[in-house]
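Inspection log for the structure reproduced underneath, given as structure tokens.
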Amino acid sequence: MRRPGLPTGLVRGVPVITVPEQLDGGNARLLLATVRYWAAYGYASFVIDMSRTVACDVAAFRALVRTHNRARAEGGELRVVASRPLLSRFGSALGVALPHFASLRDALAETPAVAIEPTWGLSA
């Protein structure tokens with residue numbers, strides 16, 4: 001299976017997905033495709049590295065929320081590496097708080113790799 005477009009690596013058994021400086025509705029689809037790719041291989045926990053991201057629109061934030069909800073439904077979790085202002089702008093408006101961390105090291109601390117039998121596949 002071909003790996004989707006966003007850069008990803010496994011760190012301590014957890015997929016770390018690196019997003020670009022501008023996260024918008026167009027490349028948010030790549031984020032969701034990348035998550036579906038790893039979920040199809042049994043991963044339920046993800047780290048989204050937004051440490052270099054300077055702009056995130058509402059469509060991209062909703063993609064993060066979808067990823068968060070799917071991870072939790074599978075027994076995993078989403079951890080976002082980003083500055084507080086970047087996420088809180090939409091989080092407070094939409095009433096959603098995503099788990100976020102100041103560094104990749106903090107996000108990976110005590111994060112177990114949760115293996116699952118996926119309930120949603122690559123066509124979802």
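Bear in mind that the values in this text are calculations on the coordinates, not laboratory data. Keep in mind it's a predicted model, so treat the numbers as computed, not measured. Methodologically, a virtual Cβ is constructed for each residue, glycine included, from the backbone with ideal geometry; neighbour enumeration extends over all protein chains shown.
Quick one: compute the contact order of the range 8-108, relative version, from alpha carbon pairs under 8 angstrom and 6+ residues apart, as a percent.
This gives 27 percent for the range 8-108.
Tally Lys and Arg at +1 and Asp and Glu at -1 over the other residues with C-beta under 14 Å from the C-beta of LEU94: what net charge comes out?
Value of the local net charge: +2.
Sort the range 8-108 into rounded, prolate or oblate with this rule: let a ≥ b ≥ c be the square roots of the eigenvalues of the Cα gyration tensor; rounded if a/c is under 1.5, and if a/c is not under 1.5, prolate when a/b is larger than b/c, oblate otherwise.
Rounded, since a/c falls under 1.5.
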